[in-house]
Amino acid sequence: GSLKFIFFISAIEVLSYLDSQENDSIDLIISDINLPTISGLEMLKKIKEKDKKIKVFMLTAHGYDEHYKIAQKYGTDDYLVKPINFEEIKQKILDL
C-alpha cells in the first residue's frame, strides 16, 4: 500500500490527533525526544498506554544514556541516534 505522512510540531498535537482518530489509521510515529511542552518520552508513554500496536521510533542526539533506558521502559520500537542515516530509516519503515 501507499504511505501517508502527517507532520506535527508538538507532542500535544500528536496526542490530540490520536484522541480524535481511529487508532488503526496510524502505523508509525517518528519523534525526537526533545519536544516543546511534553517530552518525546512522555508522549511515547502515553501512545503505548493508548495503543501498543502503534510503532514509535525515537530520535535523539543524546546517545545511549538514561533516555535510552526510559525509552526502552516505555516501549519504543526503535531508538535512533543522530546524525540519522535516512536509508536506514527508510528500510526500517519498509520492513514494518
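At-a-glance table
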item: Residue match in region 56-69 (condition: in contact with a Pro (Cβ under 6 Å, 6 or more places away or on another chain) and either of a type in the set (Lys, Arg) or in contact (Cβ under 8 Å) with a residue 12 or more places away in the chain (or both)); result: no
item: Residue count for region 49-64, restricted to those that are within 15 Å of residue 33 (Cα to Cα), surrounded by fewer than 17 Cβ atoms within 10 Å (Cβ to Cβ) and at pLDDT 90 or above; result: 1
item: One residue from 32, 77 being charged (D, E, K, R) and touching a Lys or Arg at 6+ places or on another chain (Cβ under 7 Å); result: 77
item: One residue from 35, 80, 41, 59 being among the hydrophobic types (A, V, I, L, M, F, W, C), in a loop (DSSP other than H, G, I, E, B) and under 13 Å from the mean Cα position of the chain (by Cα); result: 35
item: Verdict on residue 3 being within 12 Å of the chain's Cα centre (by Cα) and not in a helix (DSSP H, G or I); result: no
item: Some residue of region 9-24 being surrounded by 13 or more Cβ atoms within 10 Å (Cβ to Cβ), assigned to a loop (DSSP other than H, G, I, E, B) and at pLDDT 95 or above; result: no
item: Counted residues, region 25-37 - those being surrounded by fewer than 16 Cβ atoms within 10 Å (Cβ to Cβ) and within 18 Å of residue 75 (Cα to Cα); result: 4
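The values are calculated or read from the model by the stated rules, or taken from the named source; none is laboratory data. Bear in mind the structure is a predicted one, so any value in this text is a computation, not a measurement. Neighbour counts run over all protein chains shown; Cβ positions are idealised from the backbone, glycine included.
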